[in-house]
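Visitor: Take a look at this one; I'll ask things after.
The values are calculated or read from the model by the stated rules, or taken from the named source; none is laboratory data. If you're wondering where the values come from, they're calculated on a predicted model, not measured in any experiment. Using ideal geometry, Cβ is built from the backbone for each residue, glycine included, and neighbour counts are taken over all protein chains shown.
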Amino acid sequence: MRYKKSIIGFYLLCCSFFAVFAEDNFSKIEKEMQTEPPGIGHTPDISSIYSKVSDNALNKAKDNNPLISEQNIIPVKHEAQEFDPYLKLNKEGILVYIFSRKNSEFATFKATTHIKTSLDSILAVMLDNKSCTEWIDACENSFLIKKISFNERYHYQIFDIPFPFVNRDFIFHSTMKYNPENKTVTIQMSSEPDYCKHKQSETCKKINQSTLVRVKKSIGTFKLQPADGGIKITWTQHTDPAGSLPAWLVNFFVKNTPYWTFKNLAQIVKEEKYKYAKLIYNDEGMAIALNTPVIKAKEPQKTEDKVVLYPSF
């Protein structure tokens, strides 16, 4: 993971310096998208922009990464137009759609995957703030600020941004809804950057001392649906990272976040403390708690003391 980040960091650095001296076709198309961005609510007469963005992004991605091919990045002209996506990543069962949003130069992603595990295990990971660094791409730290109930909480996260840019931190308000009829869980997250501003709790005092760039605009949804002996996960996220990060550069790499996050999640749910977690339901069939087993650390095996006989001289 660190090795991957270092490569991306080096590439980001090179791209940032390149952007100062040259304006390539990709950034020109990004400007064209900002003038008349594709996305929800726009009319179909922007298909030419989709085509240019798709073809340009595909060719640029292939030039910079020999592992990327026509098979895992497909232009939008082959896709349904539900969200007007202009790029799709299809790799190892993970689909990532990238599309624009009104009034923002930063792209939104919608990603889906299927993991052979239980709803209980997925939630056990997602509700464990300490696990953030193990599965969410670039997560450096995460902790709970305040738990309102099992279904509502405020939590803090720090995300690693490669040099020369500054790390970002978030304050998220998360709410969870459980549908007992189809056993589907929907988790909605929205940034609340000023939540700790006038609070004197020890946790908020610590957060208020942060010198990182606070993300003010971020909204996302996780939808967890039982399907085919596992869980289908749909994650939609839009984030404005604030600061001086160039939008075209963020948009170019935004598909990496859900890909690596889902890839990591598929592994961590296999750990014992998540694998055997169980949801607790009330009389109405609503999930009200999660029972996560305590896994004791294995004690090192004791070895008998051996007498070493040294040769006499």
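Visitor: Thr133 passes all but one of (1) over 29 Å from Phe163 (Cβ atoms); (2) surrounded by fewer than 19 Cβ atoms within 10 Å (Cβ to Cβ); which number fails?
Guide: (1)
Visitor: If Met189 satisfies every condition in (1) modelled with pLDDT of 95 or more; (2) of a type in the set (A, V, I, L, M); (3) farther than 30 Å from Gly229 by Cβ; (4) surrounded by 16 or more Cβ atoms within 10 Å (Cβ to Cβ) but one, which is the exception?
Guide: Unmet condition: (3).
Visitor: Could you tell me which residue of region 152-196 is nearest to Asn256 (Cα to Cα), considering only residues that are of a type in the set (A, V, I, L, M) and in a strand (DSSP E or B)?
Guide: For region 152-196, the residue satisfying everything is Ile158.
Visitor: If a residue must be surrounded by fewer than 18 Cβ atoms within 10 Å (Cβ to Cβ) and in contact with a Phe, Trp or Tyr (Cβ under 7 Å, 6 or more places away or on another chain), how many such residues does region 143-164 contain?
Guide: Counting residues in region 143-164 that are surrounded by fewer than 18 Cβ atoms within 10 Å (Cβ to Cβ) and in contact with a Phe, Trp or Tyr (Cβ under 7 Å, 6 or more places away or on another chain) gives 2.
Visitor: Tell me, which residue of region 242-269 that is assigned to a loop (DSSP other than H, G, I, E, B) and over 11 Å from the mean Cα position of the chain (by Cα) is farthest from Ala107 (Cα to Cα)?
Guide: Val269
Visitor: Would you mind stating whether Ile98 is closer than 30 Å to Asn291 by Cβ, at pLDDT 90 or above and either in contact with a helix residue (DSSP H, G or I) (Cβ under 9 Å, 6 or more places away or on another chain) or among the aliphatic types (A, V, I, L, M) (or both)?
Guide: Judged against the criteria, Ile98 is not a match.
Visitor: From Gly220, Gly230, grab the single residue that is without any contact (Cβ under 8 Å) to a residue 60 or more places away in the chain and either in contact with a Pro (Cβ under 9 Å, 6 or more places away or on another chain) or closer than 23 Å to Trp135 by Cβ (or both).
Guide: After ruling out the rest, the residue left standing is Gly220.
Visitor: Among what's in region 111-151 and is among the hydroxyl-bearing types (Ser, Thr, Tyr) and assigned to a strand (DSSP E or B), pick the residue that is farthest from Lys183 (Cα to Cα).
Guide: Among those residues, the one meeting the criterion is Ser142.
Visitor: I want to confirm something. Restricting to region 248-274 and keeping residues that are among the basic types (Lys, Arg) and modelled with pLDDT under 95, which single residue is surrounded by the fewest Cβ atoms within 10 Å (Cβ to Cβ)?
Guide: Per the stated criteria, the residue is Lys273.
Visitor: For region 277-313: of the residues being in contact with a helix residue (DSSP H, G or I) (Cβ under 7 Å, 6 or more places away or on another chain) and modelled with pLDDT under 85, which is farthest from Thr175 (Cα to Cα)?
Guide: This residue is Ile295.
Visitor: Can you find a residue in region 233-240 that is more than 21 Å from Thr112 (Cβ to Cβ), modelled with pLDDT of 95 or more and buried (at least 18 other Cβ atoms within 10 Å of the Cβ)?
Guide: Yes - at least one qualifying residue is present in region 233-240.
Visitor: Okay, moving on. If Asn256 passes every condition in (1) under 28 Å from Phe163 (Cα atoms); (2) among the polar types (S, T, N, Q); (3) without any contact (Cβ under 8 Å) to a residue 24 or more places away in the chain but one, which one does it miss?
Guide: The single condition Asn256 does not satisfy is (3).
Visitor: Then there's this: Please list, ordered by first then second residue, the pairs with beta carbon atoms under 7 Å, 6 or more apart or interchain, first in region 172-193 and within 14 Å of Ile148 (Cα to Cα) and free of Cβ contacts under 8 Å to residues at least 24 places away in the same chain, second among the small types (Gly, Ala, Ser) and assigned to a strand (DSSP E or B).
Guide: His173/Ser190
Visitor: How many residues are without any contact (Cβ under 8 Å) to a residue 12 or more places away in the chain and under 15 Å from the mean Cα position of the chain (by Cα) when one looks only at region 99-145?
Guide: Adding up the residues that qualify gives 1.
Visitor: Only one of (1) farther than 23 Å from Met286 by Cβ; (2) touching a residue at least 24 places away in the same chain (Cβ under 8 Å); (3) surrounded by fewer than 18 Cβ atoms within 10 Å (Cβ to Cβ) fails for His198. Which number is that?
Guide: The single condition His198 does not satisfy is (2).
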